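Reviewing the structure listed below.
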Amino acid sequence: MSLVRNVGTIGGLTAVSRVFGFARDMLVARVLGAGMAADAWQLAFTLPNTFRRLFAEGAFSVAFVPMYTRRLGEDDDGAAAQKFASDVLAIFVWVLLGFSAICMIVMPGIVWALAREYQNVPGKFELATNLSTITFPYLGLVSLVAMLSGVLNARSKFAPGAIVPVLLNITLITGILAGWYWRENIGGGDVAVAYAQAIALALAGVVQLLYMFWATRKAGVRFKVHLPKITPDVKRMGMLILPATFGAGIYQISQLVDTFFATSLPQGSLTLLKLADRLNQMPLGIFGIALGTAILPMLARHIQADNKSEAQRLQSNAVEIAMLLCLPSAVALAICAPAFTTGIFQGGKMTAADTAIMGNIVMALVAGLPAYVLVKVFQPAFFSREDTRTPVFVAAGALTFNIALNFYVVPRFGIVGLAAATAITSSLNVATLMTILHIRGWFDVSRKLLGRIMRQALACAVMAALLWFLVPLLQPYWSGSVVARVLALGGLVTSGAITFFVFAYLLGALDKDLIAQLRRKPKAAAAADPKPQE
């Protein structure tokens, strides 16, 4: 199956999840606002999800998927791959149980390390600790989900793994509504809503794991349950995971660093940062994660076959698709940030002053959007070659720079400076990775690719001019009725998208071969691909 079609499958289902995610965030903003309970919930939600992205979906996936993919090619019935997965699962379950138990026991210390300033607000530190203890079991459950998703991804079955976030958001929406009912009819204030969400997050992990277990069984994958045993393959994967934990997780580690600095700022800062990041995560989640998920097993196959030309072609296509989608997204979000933050989040306990700050945070964050997406394209070039050391050193340098920069900008520019530092650091990280790939001869930016990116930038400039004109005209509708908000924001999105893609087509920024792959039926697309990835 082609990269374009795989990205379309993952990205399309991820987009559905993001819609539910926005509904969840809109409810949270209106029900909790940016107060004490909201900050405590955001910290409790951040902890297991950051560790999930760092270990399960980051380090574990980049080590497990290439090795599992190699085992799939060793025999016709996949017995070697299933034995490897069973051996890993036998170890993985106990590691997760142990890590989760230890973290729950020392949770007061973890919360103190990240949010010691919460002690200055009566009850806030205790609430954050209790909520985090309730939510942390989600890490173990969703980590198993990530493993099962990696097994299916290696078999070119991307849909189940892209569906599970939808289940998360549906469960959390149910929790928010239950908490709101609890608060309004029984009492307990905002704290009741926060506890309801924490319980819902833990339950969401159970729902996701049951679904993925069913999906793997349906795909014909069977795991043999046995006592833990450290086989040579498991040991090899463990050695790859340790450096990959850092190399694959610079963005997640930066999130923890940002959380530390945000909790030292005025109350509500962490909530505003996290909600603003949801807008930034929309294109990142749809395009970046989709590209990274799709490219890793495909690139691993080309490299194992020593097919350098196909590996280069695949990465060039991935870069072109990434820039085609994230450049206009970054420009549009930067210009329309006040419209989106007001239209989506303002209302209930979320004030106009809060959404104004949030809009500035969005503008700072999206400056690094191309870097956030491209790092998902470049890192698999190292991971598919089982080189997890290089991204470690690059990430270490970038993270050190990020921390130093935060100490300078946060006291001067507050939460907006914190967001800008994240964008700058991510850009430095991806520029370094691209330079190393070029030096090693693993990837070169061809004139053709550079030309298309320049044409994409010109199309973005035309779109930016139109949005710059439209935003002031539609300003009165941002905070109006629900219908007015939907029409105003829909008008901005639609007009911007049409303008960009029309001019991109006229300027030759669209690769007709790549677009044709999107329009073909799966069999035709596979036949057109020199190395069909089924």
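What is the number of the single condition among (1) assigned to a helix (DSSP H, G or I); (2) at positive phi that Thr390 does not meet?
Only one criterion in (1) assigned to a helix (DSSP H, G or I); (2) at positive phi is unmet by Thr390, namely (2).
Name every residue in region 160-172 that is within 24 Å of Asp190 (Cα to Cα), aliphatic (A, V, I, L, M) and surrounded by 20 or more Cβ atoms within 10 Å (Cβ to Cβ), in order of residue number.
We begin by selecting, within region 160-172, every residue within 24 Å of Asp190 (Cα to Cα); these are 168-172.
Okay, now just the ones that are also aliphatic (A, V, I, L, M), so 168, 170, 172.
If the condition is that a residue be within 24 Å of Asp190 (Cα to Cα), aliphatic (A, V, I, L, M) and surrounded by 20 or more Cβ atoms within 10 Å (Cβ to Cβ), then Leu168, Leu172 are the ones that fit.
So, in region 130-159, exactly how many residues are surrounded by fewer than 21 Cβ atoms within 10 Å (Cβ to Cβ) and polar (S, T, N, Q)?
3
Only one residue in Ala484, Ala465 is free of Cβ contacts under 8 Å to residues at least 60 places away in the same chain, in a helix (DSSP H, G or I) and loosely packed, with under 13 Cβ neighbours inside 10 Å. Which one?
Just one listed residue meets the conditions, Ala465.
On the basis of being more than 24 Å from Gln379 (Cβ to Cβ) and β-branched (Val, Ile, Thr), does Val445 make the cut?
Numbers: more than 24 Å from Gln379 (Cβ to Cβ): no; β-branched (Val, Ile, Thr): yes.
Criteria not met by Val445.
Can you find a residue that is free of Cβ contacts under 8 Å to residues at least 60 places away in the same chain and farther than 30 Å from Ser269 by Cα anywhere in region 395-413? Steps first, answer last, please.
The first filter runs over region 395-413 and keeps only residues free of Cβ contacts under 8 Å to residues at least 60 places away in the same chain, leaving 397, 400-401, 404-405, 407-409, 411-413.
Going one step further and asking which of them are farther than 30 Å from Ser269 by Cα, we end up with none.
No, every residue in region 395-413 fails to be free of Cβ contacts under 8 Å to residues at least 60 places away in the same chain and farther than 30 Å from Ser269 by Cα.
Readers should treat all values here as calculations from the given coordinates under stated rules, not as data from a laboratory. Small disclaimer: the values here were computed from a predicted structure and weren't measured. So basically every Cβ, Gly included, is an ideal-geometry build from the backbone, and we count neighbours across all protein chains shown.
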